[in-house]
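Colleague: One structure follows; several queries about it will come next.
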Amino acid sequence: MKTIIEPFRIKSVEPIRMTTREEREQCIREAYYNLFTLQSDDVLIDLLTDSGTSSMSARQWGALMTGDESYAGSPSFYRFKSAVKNLMPFKYLIPTHQGRAAESILFTVVANETHSIPNNTHFDTTRANVESQGAEAVDLVIEEGRNPETEHPFKGNMDIAALERFIEERGVENIPLCMLTITNNSGGGQPVSMENIRQTREVCDRYGIPLFIDACRFAENAWFIKMREPGYQDTPVVDIVRETFSYADGCTMSAKKDGLANIGGWLAMNNEEWAVECRNRLILTEGFSTYGGLSGRDLEAIAVGLEEVVDEDYLNYRIASTQYVATHFDEIGVPIMKPAGGHAVYIDARRFLPHIPPLQYPGQSLAVELYKEGGIRGCEIGTAMFGLRPDGKEEPAHMDLVRLAIPRRMYTQAHMDYVIEVVDQVFTNRENLRGMKFVRQPKALRHFTGRFDYVDH
Ligand SMILES: *Cc1c(COP(=O)(O)O)cnc(C)c1O
């Protein structure tokens, strides 16, 4: 069959409150044209993030009731542990309340001001946690991964030659570990090939540097390997996942992504000395080592989520639904980042709105218009987010994008058809969109709380 259906039916529904354009114009005005300030029940289709927004299955909801809330040694922890080990067989497992807590603990223990941490691309919380130890976070993704228009099956790959050069120049003693983010979130959810994971491992081995995987979207990455990498077409996804982690010495994970849970994360590793220190740190900041900031029922939900996320019918539908949106955008001429990644479609707002200069935030203007036109909430990733320098000066960001992130198992194809229609409508009227300005902004992270208006107001 050509039609790929959602491989689930809906047992419990969450109504969407329908709104009119007039109502939405008022809501967004009252929110100072900042989509983070909106109340989410004023949103029709919420594509702000795929993090923590997954729909849980009936099995996960059932598992919640079996959660054991004992302070120490809960059976829920052991079920969680066995689900993680089934895919990622590291010796030591440290549960955390989300991914950034795992990063914080890891880098507090292993990094200091003399260190550098290479990665294909550091996610923003990873970079911030490396830098908060005074260490340097270095991005070494391949050249194709830096250009939104280049087609490449594995745009998240590490530049192996650059990694070797970097280690030689910086000195092994200054690199406590190397990371690899799968899929490469900051690069648009682009996958990393098994060959590249293996080559990264070989370089790390040659210099005796441990390799850690930022595993947030490990299942989506495995599906891309199965679809695109020669030799893996007939390999079960579970085996691709196990092979992936066999090349690593540890991982950080946010269960809010491919854990199919609404909260949670973990840190795992083989190094006993580091693990002991990380556990001590965990007890200080998160909680005891068998719950780490999570309730027993959260651990149960993650354990079941990890079984469901490697289901191939689920992954087929998941990646197809992202590509469905991207393909239709492409057909109607909407400029997007190519190829589409696993969890989101990125509209190139600078090319969508060439009449709005970057310092008038074309991405913000487009994101606001998608909300006004159809109640869709996306996220500006561009000059509003990155343009303000620490010295107070402003520069255009590298790109001006609007990210439409697709929550897991939440929306149907009809919802996506609606999104395509709204974007088409806005594209037809694009010449009427206007530039924006900040009317109030904090010194850092201004996109979260800043206030906007139109420039000609
Ligand atoms: C989300 C994410 C993190 C951080 O996880 P949180 O659970 O949001 O703290 C780290 N790395 C990547 C690649 C992510 O996508």
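Colleague: Report the GluC sites (Glu not before Pro) located in the stretch 77-179 that are in a DSSP loop and have at most 12 other Cβ atoms inside 10 Å of their Cβ, or state none.
Modeller: In loop regions of the stretch 77-179 (DSSP not H, G, I, E or B), the sparsely surrounded GluC sites (Glu not before Pro) are GLU113, GLU149, GLU151.
Colleague: May I pose another question? Between VAL276 and PHE8, 0.36 nm times their residue separation minus their Cα-Cα distance comes to what?
Modeller: Once the chain is fully extended between VAL276 and PHE8, it gains 92.3 nm.
Colleague: Loop by DSSP (not H, G, I, E, B), at most 15 other beta-carbon atoms within 10 Å: where is the longest site-free stretch of the chain for chymotrypsin sites (Phe, Trp or Tyr not before Pro)?
Modeller: Looking at the chain, 72-457 is the longest stretch - no exposed chymotrypsin sites (Phe, Trp or Tyr not before Pro) with at most 15 other Cβ atoms within 10 Å.
Colleague: For the chain, the longest stretch holding no trypsin sites (Lys or Arg not before Pro) located in a DSSP loop with at most 14 other Cβ atoms within 10 Å is which?
Modeller: Answer from the scan: 92-392.
Colleague: With a cut-off of 16 Å, note down the residues of the stretch 378-394 whose backbone N falls inside the zone around a label point 7 Å from the Cα of ILE16 toward its beta carbon.
Modeller: Backbone N within reach: 378-379.
Colleague: Just to confirm my numbers, what's the Cα centroid distance between the stretch 394-438 and the stretch 295-353 in Å?
Modeller: So the two Cα centres are separated by 15 Å.
Colleague: Between HIS355 and MET227, 0.36 nm times their residue separation minus their Cα-Cα distance comes to what?
Modeller: Separation in residues times 0.36 nm, less the Cα-Cα distance, equals 42.2 nm.
Colleague: Need one number: % antiparallel among DSSP beta bridges in the stretch 58-308, to the nearest 5.
Modeller: Roughly 50 percent of the DSSP beta bridges within the stretch 58-308 come out antiparallel.
Colleague: Which value in nm describes the separation of the simple spin-label points at GLU202 and GLN441, placed 7 Å from the Cα toward the beta carbon?
Modeller: For GLU202 paired with GLN441, the spin-label model returns 4.6 nm.
Colleague: For GLU22, GLU30, what's the fewest-to-most ordering of other Cβ within 10 Å of each Cβ?
Modeller: Listed from fewest to most nearby Cβ atoms, that is GLU22, GLU30.
Colleague: Pull out a ≥ b ≥ c, the square roots of the eigenvalues of the alpha-carbon gyration tensor of the stretch 58-308, then state rounded if a/c is under 1.5, prolate if not and a/b is larger than b/c, and oblate in the remaining case.
Modeller: In terms of gyration-tensor shape, oblate.
Colleague: With just the Cα atoms defining each centre, how far is the stretch 48-109 from the stretch 189-218? Give it in Å.
Modeller: So the two Cα centres are separated by 23 Å.
Colleague: Angle, helix 194-207 long axis vs. longest principal axis of the chain, Cα atoms, 0 to 90°, nearest 10?
Modeller: Computed tilt is about 50 degrees.
Colleague: Check cross-link reach from LYS256 to the lysines: straight Cα distance under 29 Å, and skip same-chain residues fewer than eight apart.
Modeller: LYS11, LYS81, LYS85, LYS91, LYS155, LYS226, LYS338, LYS372, LYS443
Colleague: Let me check I've understood the local charge: for ASP453, count other residues with C-beta under 11 angstrom from its C-beta, Lys and Arg +1, Asp and Glu -1. What total comes out?
Modeller: Summing Lys/Arg as +1 and Asp/Glu as -1 gives +4.
Colleague: A follow-up question, please. Quote to one decimal, in nm, the extra length available between ASP313 and TYR32 on full extension: 0.36 nm per residue of separation minus the C-alpha distance between them.
Modeller: 97.0 nm
Colleague: Also, I was wondering about something else. Do the sum for the chain: with -39,500 (n - 2.57) for every DSSP H run of n ≥ 4, divided by all residues, what is the mean residue ellipticity at 222 nm, to the nearest 500 deg cm²/dmol?
Modeller: Calculated at 222 nm, the ellipticity per residue is -12500 deg cm²/dmol.
Colleague: Now a separate question. List, in order, the whole-Hz ³J(HN,Hα) value for each residue of the stretch 322-329 obtained from phi through the Karplus relation with A = 6.51, B = -1.76, C = 1.60 and θ = phi - 60°; use x for Gly and Pro.
Modeller: 5, 6, 4, 5, 4, 4, 5, 4
Colleague: Then there's this: How high is the relative contact order of the stretch 58-308? Use alpha-carbon pairs under 8 Å, at least six apart in sequence, and give a whole percent.
Modeller: Result for the stretch 58-308 is 33 percent.
Colleague: Given an 8 Å cut-off on Cα distances and at least 6 residues of separation, report the relative contact order of the chain as a percent.
Modeller: RCO, the chain: 23 percent.
Colleague: Measure nothing fancy, just the Cα-based angle from helix 272-285's long axis to the longest principal axis of the chain, in degrees from 0 to 90, nearest 10.
Modeller: 50 degrees
None of the figures in this text is laboratory data; all of them are computed from the coordinates on show. Since the model is a prediction, treat every value here as computed from it, not as a measurement. Note that we place each Cβ from the backbone using ideal geometry, even for glycine, and neighbour counts take in every protein chain shown.
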